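Taking it in order: structure first as structure tokens, then the write-up.
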Amino acid sequence: MQQSQLVGSSHAEHLLECTWRPERAAQARDAAAEFLLGVRPPLPASTVQDLVLLVSELVTNAVRHAGGVSAMTLRVDRHSIQVIVADPSPVQPQDRTPDLPGRTGGFGWPVIQRLARSVRVEPRPGGKAITVTLTR
């Protein structure tokens, strides 16, 4: 898993950003949890839990439905937290009926939409990027 960290400021706005290329949701959760340990002031526990769940669902969906993760970026500033997951598929996420007795899923996309303040899906060369934003 590749990692690079950038710390800087822009117009008195402190920004902490890190990018990885996880192959599995567990790697993404671990990377996000470690990254969040460096955020100052610390985030509320409920926000950390929501963010780790969002990361897990976004990466799981990218691996399961879109051919993997091209890049996962976490970005924190004074006001918000963003998770950006890029994948190699141009196909937009789809709502589907959750499969309660089976194992085919259908829960991730509604969870993402419910937890995030905003969700944006943007086409990119060679795929798409999904950006979810939480209030800090």
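Note down the net charge around residue 41, summing +1 for each Lys or Arg and -1 for each Asp or Glu among other residues with Cβ under 12 Å from its Cβ. Kindly include the intermediate steps, with their values, before the conclusion.
On the way: positive: 40, 78, 136; negative: none.
Overall, the nearby charge balance is +3.
Heavy-atom accessible area of residue 21 with all protein chains present, probe 1.4 Å, nearest 10 Å²?
For residue 21, the solvent-accessible surface is approximately 130 Å².
So, taking all protein chains as they sit and a 1.4 Å probe, how much accessible area belongs to residue 20, in Å² rounded to tens?
Counting only protein heavy atoms, the figure is 10 Å².
Leaving ligands and nucleic acids out of the surface, order 34, 17 by accessible area at 1.4 Å, largest first.
Descending order: 34, 17.
Assuming 0.36 nm per residue, please report the length gained on full extension of the stretch residue 114 to residue 46 beyond their Cα-Cα distance.
23.0 nm
Please arrange 30, 87 by accessible surface area, largest first, computed with a 1.4 Å probe and ligands excluded. Can you show the working numbers first?
On the way: 30 105, 87 10 Å².
The residues order as 30, 87, largest area first.
Quick check for you: with a 1.4 Å probe and neighbouring chains kept, what is the accessible area per residue of the range 36-136, in Å²? Spell out each step's value before the answer.
On the way: 5460 Å² over 101 residues.
Here the residues of the range 36-136 average 54 Å² of exposed surface.
Any idea how far apart residue 24 and residue 53 come out in nm if each label point goes 7 Å out from Cα toward Cβ?
2.3
Taking a cut-off of 14 Å, what percent of all Cα-Cα pairs in the range 60-99 are separated by more than that?
Here the tail beyond 14 Å accounts for 55 percent of pairs.
The values are calculated or read from the model by the stated rules, or taken from the named source; none is laboratory data. What you see is a predicted model, and the numbers here were worked out from it, not measured in a lab. When we count neighbours, we look across all protein chains shown, and the Cβ atoms used for this are built from the backbone with ideal geometry, even at glycine. Protein only, heavy atoms only, side chains kept; ligands, DNA and RNA dropped before computing areas. Shrake-Rupley method; radii C 1.70, N 1.55, O 1.52, S 1.80 Å.
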